[in-house]
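Heads up, the thing below is written out as structure tokens.
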Amino acid sequence: MQRSVSHATFVIERAYKATPAKVFAAFADPKSKAQWFVGPDNWEKSDHKLDFRVGGKESVSGGPPGGVVHYYNATIWDIVEGERIITSYEMHLNKTRISVSVGTTEIKSSGAGSKLIYTEQGAFLDGYDDAGERERGTQELFNQLERHLAR
Amino acid sequence: MTNTNHGTFFIERRYDASPQRVFAAWSDADSKRAWHVEGKGWELHSYELDFREGGRESGSFRFLDGVKVFGEETTFSNETIYDEIIPNERLIFTYSMSRNGKRFSVSLATVEFKGDGAGTRLMFTEHAAFFEGADGLQMREQGWQELLGKLDAFLAKSA
């Protein structure tokens, strides 16, 4: 098999009306995160697991009924309460590893709300995925986070 | 108040050794220790390598010039998790570095090994997040340039 690695970085900035403490809690509290960190509504999903501490793991999987299963497996590397979370994660499609990334989530106070800055630095493997597609998927997750915070 | 910077660097080197031999210098604990861990100016406290996907590597080193450079006794430590191992072809690992117990960077490193005539072309890419108390991109790249140079010397010696 011809191996290849495509390296890329993307940054997403979002403004939320919720306070930094509330936005941080949506990442730190397993029950909250399970509500917004999910695939499309029509997907079959596994339980979301999150052990929110440095060295802890997070995992979830899902996919269209009868289709390819997307696996997300993460390790938490750094936590600054209310301000920063750094994780590394890998994605598999069925048994194939398609990427390994480091994601930095920074939360800053902005007026009455928050600014979220997410930086992903990734190695996209063997032509299965690319940064553009990953960025679109991540934008959709942050839309779901916005709806979660508004509820 | 946190302060986080992101950067990427890329190093390419050619070795006069087969991909199998270059890869073995990363996978075998004694070899890795010889070129990657032992070094002038450092006193090794501990080193462990569990070379398998999901396995860990950790090291802790006293920097002998700590008082001179940082104004205090200084110990650096690192924690690595191996994300992907494809023997003789590719290695992906994530690692963090700490100084006196305070974490200052998290990185993702990819090492690609390609046959090049009788030798090997090695491509090293690091994505890093540097934060409070960090060395920064330039020093990190310089550190890896030195390590990959030591790998060359190690391969020549053990040929």
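Here are some notes:
- Under the condition of being touching a Phe, Trp or Tyr at 6+ places or on another chain (Cβ under 9 Å), in contact (Cβ under 8 Å) with a residue 40 or more places away in the chain and over 22 Å from B:Asp50 (Cβ atoms), the residues counted in the stretch B:95-126 number 7.
- The one condition in (1) in contact with a Lys or Arg (Cβ under 8 Å, 6 or more places away or on another chain); (2) on the phi < 0 side of the Ramachandran plot that A:Asp126 fails to fulfil: (2)
- Selection count where residues are over 24 Å from A:Ala18 (Cα atoms), facing chain B (nearest Cβ under 10 Å) and either surrounded by fewer than 19 Cβ atoms within 10 Å (Cβ to Cβ) or among the aliphatic types (A, V, I, L, M) (or both), scope the stretch A:76-106: 2
- Top-ranked residue of the stretch B:107-135 - restricted to ones that are part of a loop (DSSP other than H, G, I, E, B) and not aliphatic (A, V, I, L, M), ranked as farthest from the other protein chains (Cβ to nearest Cβ): B:Gly117
- For A:Arg147, the stated conditions do not hold, so it cannot be described as surrounded by 19 or more Cβ atoms within 10 Å (Cβ to Cβ), in contact (Cβ under 8 Å) with a residue 40 or more places away in the chain and not in a strand (DSSP E or B).
- The listed residue being over 23 Å from A:Gly132 (Cβ atoms), surrounded by fewer than 16 Cβ atoms within 10 Å (Cβ to Cβ) and modelled with pLDDT of 95 or more, out of A:Asp51, A:Asp47: A:Asp51
- Selection of the stretch B:1-32 for residues being within 14 Å of chain A (Cβ to nearest Cβ) and among the hydrophobic types (A, V, I, L, M, F, W, C) yields B:Met1, B:Phe9, B:Phe10, B:Ile11, B:Phe23.
- Within the option set B:Phe63, B:Phe93, B:Phe104, being crowded, with 16+ Cβ neighbours inside 10 Å, more than 10 Å from chain A (Cβ to nearest Cβ) and not hydroxyl-bearing (Ser, Thr, Tyr) holds for one residue only, B:Phe63.
- Entry remark, the stretch A:107-118: residues being aliphatic (A, V, I, L, M) and surrounded by 20 or more Cβ atoms within 10 Å (Cβ to Cβ) number 2 in total.
- Just one of the listed residues (B:Phe10, B:Phe23) is touching a residue at least 12 places away in the same chain (Cβ under 8 Å), touching a Pro at 6+ places or on another chain (Cβ under 7 Å), on the phi < 0 side of the Ramachandran plot and not in a loop (DSSP other than H, G, I, E, B), namely B:Phe23.
The values are calculated or read from the model by the stated rules, or taken from the named source; none is laboratory data. None of these values were measured; they are calculated from a predicted model. Neighbour counts are summed over all protein chains in view; Cβ atoms, including those assigned to glycine, are modelled from backbone coordinates with ideal geometry.
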